[in-house]
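The block underneath contains the structure these notes are about, expressed in structure tokens.
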Amino acid sequence: MIKMLVALDGSGDYPSVQECVDAIPAGPADPVTILVKKGVYKEKLVIDKPFVTLMGENAKETVLTYDDCASKLLPGGEKMGTFGSYSTLITGDGFRAENITFENTAGQKGRAGQALAAYVDADKACFRNCRFLGYQDTLFTGPLPPDAGGSEGMKDMNRSPARKSRQFYDHCYLEGDVDFIFGSATAVFHQCEIFSKNRDKAINGYITAASTPESEKYGYVFMDCRLTGDAGPQSVYLGRPWRRYAKVAFLHCRMGDHIIGVGWNNWRDSERERTVSYAEYDSQGPGAKMEERATWSKILTPAEAERYRLENIFPGDNIWYK
């Protein structure tokens, strides 16, 4: 195990996280733990090496931040695009983070559009007690759908060949407004707070925009989470399908009154109502208006909900996110 220390004041091995990541030796992948002292690190960060752990001193005071957005013009005159706007890009498998804030400060109330705080395209990525702060498209859980391209105003960052991506978010805080948790990964959110921000609109946003591949059994699974926000009552959808086979489930989650009664939106494509898998079990709170939910969503039975729990939280003896 290699340990390295990052500190803004120069008391560590490196003053920036990127310099530290760049200094990790090439070759066989030994696990590396990077201890990050409190501070606001404004850097556009790329973590492309496997088995890297970022360990912050304090989640609220150890902040990785940047302010790019999709509409920003590059030197050649073209727009940066959604997937170039990340503050932190993580592509190294086996990544872990604890007590870290990932932030993008652009995009407030639609003024800058898409702006990713974190672009996570890594298998077996685990985040504990982390914060993800942004507005539109705060967290992207890669990989990109194979048909994503320039027609959507996106910078294509597809990896070839596309591969499985499993991610785990435990006791994290995630905030945003439009599609602020989106992508193709199978991702579990366990005991997280999901905060929907107010845009002063009749529809303030959508929590999820999944693009789950048809071949994957699970997409996003929210377990024992709290859905909070300062958005107005009945103004936020649980999700809309970025691609036809989007899969999202909320189990034992408490929902504030900002959640719209119908729950789900078909993204102006009624055909997707036949192919998506949107499910809930034991939703609680003023936003849990189960009798009003879209007829094409599903209320799980206790047995079905238990299967979600067992197959996502306890999938075998070798649990990679321990």
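The values are calculated or read from the model by the stated rules, or taken from the named source; none is laboratory data. Quantities reported herein were computed from a predicted structural model and do not represent experimental measurements. We place every Cβ from the backbone using ideal geometry, glycine too, and count neighbours over all the protein chains shown. Only protein heavy atoms, including side chains, enter the accessible area calculation; ligands, DNA and RNA are left aside. Shrake-Rupley method; radii C 1.70, N 1.55, O 1.52, S 1.80 Å.
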Please indicate, with yes or no, whether at least one residue in the range 263-275 is within 21 Å of Ser165 (Cβ to Cβ) and not small (Gly, Ala, Ser). yes
Given the criterion touching a residue at least 40 places away in the same chain (Cβ under 8 Å), open to solvent by 10 Å² or more (accessible area, probe 1.4 Å) and basic (Lys, Arg), identify the matching residue among Lys201, Lys197. Lys197
For the structure I just gave you, tell me whether Arg226 is touching a helix residue (DSSP H, G or I) at 6+ places or on another chain (Cβ under 6 Å) and either farther than 23 Å from Glu273 by Cα or among the aromatic types (Phe, Trp, Tyr) (or both). no
Cross-chain or 6+ apart pairs with Cβ under 7 Å, the range 251-271 first and at positive phi, then open to solvent by less than 30 Å² (accessible area, probe 1.4 Å): His252/Met223; Gly263/Leu238; Gly263/Arg293; Gly263/Ala294; Gly263/Ser297; Trp267/Arg240; Trp267/Pro241
State whether the residues of the range 296-304 include one that is over 17 Å from Leu174 (Cβ atoms) and surrounded by 18 or more Cβ atoms within 10 Å (Cβ to Cβ). yes
Looking at the range 235-286, which of its residues are surrounded by 18 or more Cβ atoms within 10 Å (Cβ to Cβ), aliphatic (A, V, I, L, M) and outside any strand (DSSP E or B)? Ala246, Ile260, Val276
Check Gly92 against each of (1) in contact with a strand residue (DSSP E or B) (Cβ under 8 Å, 6 or more places away or on another chain); (2) in contact (Cβ under 8 Å) with a residue 60 or more places away in the chain; (3) of a type outside the set (Ser, Thr, Tyr) and name the one condition it does not meet. (2)
Scanning the range 259-275 for residues that are over 13 Å from Arg293 (Cβ atoms) and touching a strand residue (DSSP E or B) at 6+ places or on another chain (Cβ under 9 Å) gives Trp267
Sort out which residues of the range 123-143 are surrounded by fewer than 22 Cβ atoms within 10 Å (Cβ to Cβ), in a loop (DSSP other than H, G, I, E, B) and of a type outside the set (Asp, Glu), and write them in order of number. Lys124, Asn129
Count - residues of the range 95-104 that are open to solvent by less than 10 Å² (accessible area, probe 1.4 Å) and touching a residue at least 40 places away in the same chain (Cβ under 8 Å): 4
What are the pairs, 6+ residues apart or on separate chains, where a residue within the range 7-24 that is under 15 Å from Met55 (Cβ atoms) and among the charged types (D, E, K, R) has its Cβ under 6 Å from a residue that is open to solvent by 40 Å² or more (accessible area, probe 1.4 Å) and at pLDDT 95 or above? Asp13/Leu5
Go through (1) open to solvent by 50 Å² or more (accessible area, probe 1.4 Å); (2) assigned to a helix (DSSP H, G or I) one by one and return the number of the condition Pro25 breaks. (2)
Yes/no for Asn312 being without any contact (Cβ under 8 Å) to a residue 60 or more places away in the chain and open to solvent by 10 Å² or more (accessible area, probe 1.4 Å): no
Within the range 105-122, can one find any residue that is of a type in the set (Lys, Arg), at pLDDT below 95 and either touching an Asp or Glu at 6+ places or on another chain (Cβ under 6 Å) or open to solvent by 50 Å² or more (accessible area, probe 1.4 Å) (or both)? yes
